[in-house]
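All remarks here apply to the structure that follows.
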């Protein structure tokens with residue numbers, strides 16, 4: 001049977017806000033991260049199980065597919081913007097590093113989009 005510990009400690013509000021924003025940006029659960037951290041610390045885990053929380057929104061394949069399709073849409077938008085950038089580069093600058101970098105970015109984005117569509 002899993003046991004739970006509740007840890008109350010004063011935390012700097014700026015640090016707490018940064019942690020929350022980092023978790024949101026990474027798409028991970030704050031509870032899961034804190035549980036994993038506590039499980040790794042011996043002083044919190046002396047033979048007692050700490051149940052890690054599931055990442056929100058990824059518990060079924062349908063939800064994962066929905067998230068991946070949103071990522072594909074975002075990557076497609078980025079690829080389209082990068083393609084428009086390539087189209088706006090004047091001919092005399094098309095042999096420069098900015099043009100080549102943009103071409104590589106478009107190619108990489110297309111590969112990522114194809115891979116995600118094929119996998120999910």
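Odds and ends about this structure:
- Verdict on residue 66 being without any contact (Cβ under 8 Å) to a residue 24 or more places away in the chain, within 22 Å of residue 119 (Cβ to Cβ) and part of a helix (DSSP H, G or I): yes
- Looking across 102, 98, one residue alone is at pLDDT below 95, farther than 25 Å from residue 61 by Cβ, in contact with a helix residue (DSSP H, G or I) (Cβ under 9 Å, 6 or more places away or on another chain) and surrounded by 14 or more Cβ atoms within 10 Å (Cβ to Cβ). It is 102.
- Checklist (1) more than 18 Å from the chain's Cα centre (by Cα); (2) assigned to a helix (DSSP H, G or I) applied to residue 95, failing item: (2)
- Annotation: residue 55 fulfils all but one of (1) in a helix (DSSP H, G or I); (2) within 22 Å of residue 119 (Cβ to Cβ); (3) at pLDDT below 90; the unmet one is (1).
- Close Cβ contacts (under 9 Å, 6 or more residues apart or on different chains) running from residues in the range 69-90 that are more than 14 Å from residue 120 (Cβ to Cβ) to residues that are not in a helix (DSSP H, G or I) comprise 86/94; 89/96.
- Residue 26 passes every criterion in (1) under 18 Å from the mean Cα position of the chain (by Cα); (2) at pLDDT below 80; (3) surrounded by 14 or more Cβ atoms within 10 Å (Cβ to Cβ) apart from (3).
The values are calculated or read from the model by the stated rules, or taken from the named source; none is laboratory data. Keep in mind it's a predicted model, so treat the numbers as computed, not measured. Glycine also receives a Cβ, built like all others from the backbone with ideal geometry; neighbour counts cover every protein chain displayed.
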